[in-house]
Amino acid sequence: MLVYPAIDLLNGQCVRLYKGDYAKSERVANDPLDAAKSFMDEGATHLHTVDLDGAKTGSCVNFSIIEKIANLGLIIQTGGGIRDISRFKMCLDAGVSRVILGSAAVTDRDFLVQALTDFAGHTIVGIDMLDNYVRTSGWIDNAMIDYLSFARDIVKLGTKTIIFTDISRDGTLQGISSEPVQKLRNALPDVELIVAGGVRNLNDIDLLLDLKIDGAICGKSLYSGTLVLADAINRCKHAR
């Protein structure tokens, strides 16, 4: 299992939200580039980045920062406001390895199919779930689609990698809620599944390893000190 430290960007700052609430953003690092470098120093090879402004409005406020981070040498996956193929290509040209489609995967099926067709190895679909329903537009809007049904649908279209976020746990340090993750793993055993939302400490890393998850996104836990990145990476290496 890979560990993905997270850098979420809002108005150029590295922040964490509480359950996706923009009104409860907390600045967690002085500089996003320095944060990325510190993750590298602890052994990170991969990084998860999100443009929160883009996720909410479709704007491109933080792209220059993501581009700079992508040039550090980490394998970057990024999402937030990527709602057409030109923006998708712009991310790849900037050095991003994989692009996450969230809202667009729900609202623009043609775009999703095009991305999966033209950039199969570079496309991730993000499923952001609250109370079993998919959320869009920076987690604000309820798409009224069951997350498991949506997951099955996008896999039929060719999706190979899914990032699943339990919004109710995101930024809370309450630990992973295993039930929805287990249901998704059981429903789609052959899909690369990356999980976010609630990771607090090594116990959650162990839980995800037991559930045969392929990747864990860690944010608040790393910034608050409840999880040491190097320890999480080592735990995953020894579990192979």
Exercise. Say we look at the range 1-27 and pick out the residues that are on the phi > 0 side of the Ramachandran plot and touching a Phe, Trp or Tyr at 6+ places or on another chain (Cβ under 9 Å); which of these is surrounded by the fewest Cβ atoms within 10 Å (Cβ to Cβ)?
Worked result: Lys19
For this session: Can you work out which of the residues in the range 178-207 that are at pLDDT 95 or above and part of a loop (DSSP other than H, G, I, E, B) is surrounded by the fewest Cβ atoms within 10 Å (Cβ to Cβ)?
Result: Asp190
Exercise. Counting only residues that are crowded, with 19+ Cβ neighbours inside 10 Å and among the aliphatic types (A, V, I, L, M), which one in the range 208-228 is nearest to the chain's Cα centre (by Cα)?
Worked result: Ile217
Exercise. Which residues, counting only those in the range 63-86, are surrounded by fewer than 17 Cβ atoms within 10 Å (Cβ to Cβ), over 16 Å from the mean Cα position of the chain (by Cα) and not in a loop (DSSP other than H, G, I, E, B)?
Worked result: Ser64, Lys68, Ile85, Ser86
Exercise. What number of residues within the range 49-62 are touching a helix residue (DSSP H, G or I) at 6+ places or on another chain (Cβ under 8 Å), outside any helix (DSSP H, G or I) and surrounded by 15 or more Cβ atoms within 10 Å (Cβ to Cβ)?
Worked result: 5
For this session: Report, by residue number, each residue of the range 214-235 that is in contact with a helix residue (DSSP H, G or I) (Cβ under 7 Å, 6 or more places away or on another chain) and closer than 27 Å to Leu9 by Cα.
Result: Ala216, Cys218, Leu222, Leu227, Leu229, Asp231, Ala232
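Considering each of Asn201, Asn186 in turn, give the residue that is within 30 Å of Gln114 (Cα to Cα) and out of contact with any Gly (no Cβ under 7 Å at 6 or more places or on another chain). Steps first, please.
On the way: Asn201 fails: within 30 Å of Gln114 (Cα to Cα).
Residue meeting the stated conditions: Asn186.
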Problem set entry | Hey, Ala151 of a type in the set (Gly, Ala, Ser), buried (at least 19 other Cβ atoms within 10 Å of the Cβ) and out of contact with any Gly (no Cβ under 7 Å at 6 or more places or on another chain) or not | yes
Problem set entry | Single condition Lys237 does not satisfy, out of (1) more than 17 Å from Val28 (Cβ to Cβ); (2) in a loop (DSSP other than H, G, I, E, B); (3) basic (Lys, Arg) | (2)
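Could you tell me whether any residue of the range 28-48 is in a strand (DSSP E or B) and over 27 Å from Asp118 (Cβ atoms)? Spell out how you get there, then give the answer.
First, the residues of the range 28-48 that are in a strand (DSSP E or B): 28-29, 46-48.
This time we only want the ones that are over 27 Å from Asp118 (Cβ atoms), so: 28-29.
Yes, the range 28-48 contains at least one residue that is in a strand (DSSP E or B) and over 27 Å from Asp118 (Cβ atoms).
In this structure, is Asp93 closer than 20 Å to Ile162 by Cβ and without any contact (Cβ under 8 Å) to a residue 24 or more places away in the chain? It would help to see each step written out before you state the result.
Values: closer than 20 Å to Ile162 by Cβ: no; without any contact (Cβ under 8 Å) to a residue 24 or more places away in the chain: yes.
Here the answer is no, as Asp93 does not meet what is asked.
The values are calculated or read from the model by the stated rules, or taken from the named source; none is laboratory data. On a predicted model such as this, the values are computed, not experimentally measured, just so you know. Note that we place each Cβ from the backbone using ideal geometry, even for glycine, and neighbour counts take in every protein chain shown.
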